[in-house]
Structures are given as structure tokens and as C-alpha cells.
Amino acid sequence: MRLRTQLAVAFFLFAVLPLLGVTLYTWEGSQRTFRRAVAAEAEAVATEMSGRVEAVADELSDRIQRMRERPSGAPRGSFEKARQEALAAAERQELRALLRNILSSTERRQGAIPFALDPEGRLYTPEPADEALLEGLGVAPSRPATRRDAADWVVALKPDPTSGITIGVARPLGEALQELRRTAARNLGLGLGLALLALLGILPLSRRMTRHLASLTDGVERLARGDLDVRVPVPHGREFARLADTFNRMARDLRANQERLIEQERMRKELEIGRRIQAELLPRETLRAAFAEVGGVSIPAREVGGDFFNYFTLRDDEMVILVGDVSGKGVPAALLMANLQATLRARLPLEHDLARLVDALDHEMGGGQPLAPYYTLFLAVLEGTTGRLRYVNAGHNTQFVLRHDGGAVRLESCGRPPGLYPGGGYEEHVVVLGEGDALFLFTDGLVEAEDESGEPFGMQRLEALLRLHHGSGLTALFARVDTAARSHRGPVEAADDATMVALRFSGGALGEARP
């Protein structure tokens, strides 16, 4: 069943039908009161007339008895038949005269017509003209009512068991009773009119309500089919307007949420691709040369970072070590890493001055664009024959050289991150490694790891840890530093990748590099 039909049926059952019932009940009550009032008045008149009949009851009884005792058998001759008919006519005439005398003596108040019915059902009235009127009202048992105004008359009957005569009175409705009937009729008409008006009023009202609901239903169905741009018109009614506003706001929120989810999924895929590219760019094995051993590890965080590192032999007696951190995430950062490492591999054999090389990268990759990505870089070249470590720290964290006797040398930054504000220039520095010394490189994700209170792991803890375990192997050193950082962080997830690269210098002997 359609909603509009349901509303109309509900309104009819709970509004129109009760109103109609109350109206009919009131009409019926008025009619009962009207009939009781008329019957009571007519009965009073009939009772009065019955009292008069009782005063001549003996005479009536005698006459009626004689009429009953009259021979009823078939007459023996024509004379006897004529005699019986004459006696019967005379007795009826006497009875009629007696009853008319009684009826004529009754006061005819408010147009009342008294009458009597004998045991055979014959009608007696004060005037002959009254007899025709009463016959038209259907007073005589053998004749139905023929008058149109029969409903405007009230007839009351009171039988007399002794004589068998029924005394009655027919009375037209008085003005008060007529007014009572008219009032009841007006009330009935008013009630029926209101019921009809309510029934007719529900049709446009239900049409208006269902029009708004139909619009909302259509909007919901379109929304369920995936049309997040659907909007419904806002009507003037307060409740429907609020409902339409709520629906439109919900549709807008769903559209925004979908776009946000699409963007999040795009970013997730981009970060995953960036993670894969980054993983492919990082060396997977330790590099061993005649004069040094170098390895690295990158510990990923929940959110992919821009850490990168690499190491490779430049000549038989030289080794390149680099570590850095690219701003941004995802594919752009990974592509910048790949470009940077490819550029360094191509230019390092041709450019001996590391400061000039990094300055060229600063100008080339910055491009003067306000939102261009930038990166930090620690680039070093180790000469195997002398132990000289030439390096440029371009905006990267302070790195460490660990002496074999437990000492530590800090390698501070000597320039801005390349690409951030091109043109600042860089300086190349040199530090000499002895046999057993080590170079420890890392990214900011290691020292900036925070515990639950927000305190970072810090340079002091890292330096103390490196001094304590300076003689450990590369793998063992990475494991101890990672364990210490995790213990400090506790249940807090890492916010950035932590990358570590370590080189152990073994002396000036030359030989073939081996993996």
C-alpha cells in the first residue's frame, strides 16, 4: 500500500471515523430525548382520556357485551336478517355517539386529536374530518400511512382491558419539539459536514506530505545507488525542511568522506610504491674491501619516510658512503632518491671536490621553486691507502667517528640542505681514520624517537651507547642501538624511519673489494 493511501486510511480511522461516530451518537441521543418527550406528553393526554372512559366503563361494557351476545348464526329469514343488521347498526351508532361524546369533551391542546379504536379496530373520532386525517397517519390497523407529514405527528395509545377499547391521541409536534428536531438535524449535518471536510482535507494534506517524502525517498534510493551528488529541494515546512537539510548534509558528508577515502587510498598506494622503490635503492649486503667493511640498515616506521643510504667502491683504493633524508613521502621522494643516487654515481668519478659537487646538486635540484623538495645529505669518500675521510655534511645530523680507544669525534653540518635555499655553499672537511676506527652514520628518526612523555632518545644517549660498544661488530652494533631506541620509546610507535650505516676501517692494505 502506498504511503499516501496509508496516511489517508490512518486519518480516516483515527479522526474521521471517531468524529462520525460521535455525531451519530449525539443524533441518536437527541432523537431518543425527542421521542421520550413527545411520548410522555401524548401519554398524559391518553391517560386523561382513559380516566374519562373509566367513568362510563359500565355503560360501555354493557353495550359491547350486547354486541358480542348478538346471535351470530345465519338468519332464518329476510326479516330476521334485517332485524339483526338494524340492531347492529343501532348499537354501533350508540357506541359511536358515546365515544364521540367522550372524545369531544377532551381539550384539544396544541392541535391534538383524540380517538378510540373498538375491539374490531374501527376508528372513532370527535369529528368526521378527523377520521380521514388519522387514517392518513396510519392509526387504523388495516390502513397504512399515506400522509407525507406523518413523521411530524406523534401517536400515543392506551388500551382499556375491561372494555377492549383503545384510547389514543395524535398530536402534531410542537414548536419546541420542532426546534429540538431541527437542532438535532443541524448538529447531525454539521458533524457530517466536518467529517466530510476532514476526509476531503486529508487528500491534499497527504499529497503534500507524501510529495516531500517521495522526494526524500527518491533521494535516498539514488544515494544508495552511489549518486553522492544527489540533493533534495528544501520545502517551507519546518519539520520537512530540517529533514531535507539533514539529508543534504549527509549526502555532502558522504561525498567528502568518499573523496577523503579515495585520497587516502591513493596516498597509501603511492606510499607503498615509494616504499618499494626505496627498498630497491638500498644496498642489501655488507660491502667488504681490503681496507674497510661497511653495512647499513633502515628500520621502517608505520609511516614511510624518505631515508636513503648507499655505499660502493669508487676505485680500488676509494669507497663512497652516503646517507640522507628526503623531504616528503611516496613516489616523488623515492624518485628524488633514485635521481640523486644515479647523479652521484655518475659524477663522483669526474668530480674530486665534494663541496663543488654538492653545490651543483643544490642548484640543479632546487630549481628555485617554492615547494620543490629538498633533502639532507652526508657524503663521504674514504681513501683506503691513507685513511683520509673527505666529507660534506649538507644539513644532516651530526655524525660520529668512533676511535678504537673509545673516543668519539663529531662530524658537524657544514651547509644547508640541498634544494631548500640554493646558493649557500658548502665546505669539504677531512678526518683521518686509524686502524680499528669506525664511522657511524644515522638519520634523525633514530635520535628523535620519543617516549610516552615526549622526551627524545637524543644525541647524548646515542653517543654514550656508541662509546660503550665501539668495538662491536657492525650487526651487533646496529642491534644494540635499535634495542636501546625501542626500550626508550616503549609502547609509542616510531614516527619516522631510523637508518644506520657503519664503516669499520681495517688499515691501509689494498685488495679487491668483495661482497
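Taken together, the values in this text are just the output of simple stated rules run on the coordinates, not laboratory data. Here the structure is a predicted model, which is why all the values come from computation and not from measurement. Neighbour counts are summed over all protein chains in view; Cβ atoms, including those assigned to glycine, are modelled from backbone coordinates with ideal geometry.
Based on the alpha-carbon gyration tensor of region 304-349 and its eigenvalue square roots a ≥ b ≥ c, which shape applies: rounded if a/c is under 1.5, prolate if not and a/b is larger than b/c, or oblate? Note, shape of region 304-349 comes out prolate. Sequence-ordered 3J(HN,Hα) estimates for region 401-417 from the Karplus curve with 6.51, -1.76 and 1.60 and θ = phi - 60° stand at 10, 9, 7, 5, 8, x, x, 9, 10, 8, 9, 7, 6, 10, x, 6, x Hz, glycine and proline given as x. Placing a label point 7 Å from the Cα of residue 286 along the Cα-to-Cβ line, the residues of region 453-477 whose backbone N sits under 14 Å from it are 471-477. For region 283-505, the orientation-averaged shadow of the C-alpha convex hull comes to 11.7 nm² (one quarter of the hull surface). Proximity of backbone amide H atoms, modeled 1.01 Å from N, is registered between residue 428 and 355 at under 5 Å, excluding neighbours fewer than 5 places apart on the same chain.
Near residue 154, the amide H atoms lying under 5 Å from its own belong to 171, 173; only residues 5 or more places off or on other chains count, and H is placed 1.01 Å from N.
As a rough footprinting exposure proxy, the listed residues 487, 453, 472 were ranked by other beta carbons within 10 Å of their own, and the order from fewest upward is 453, 487, 472.
Residues 440, 312, arranged from fewest to most other Cβ atoms within 10 angstrom of their Cβ, appear as 312, 440.
Going from the fewest other Cβ atoms within 10 Å to the most, the residues 428, 272 appear in the order 272, 428.
Note that region 226-232 has calculated 3J(HN,Hα) couplings of x, 7, 7, 8, 5, 9, 10 Hz, one per residue in order, obtained from phi through the Karplus relation 6.51 cos²θ - 1.76 cosθ + 1.60 (θ = phi - 60°); glycine and proline are x.
Near residue 292, the amide H atoms lying under 5 Å from its own belong to 506; only residues 5 or more places off or on other chains count, and H is placed 1.01 Å from N. On the basis of the beta-carbon distance and an R0 of 22 Å, residue 262 and residue 335 show a calculated FRET efficiency of 0.45. Under the shape rule built on the C-alpha gyration tensor, where the axes satisfy a ≥ b ≥ c, region 401-464 is oblate, since a/c reaches at least 1.5 while a/b does not exceed b/c.
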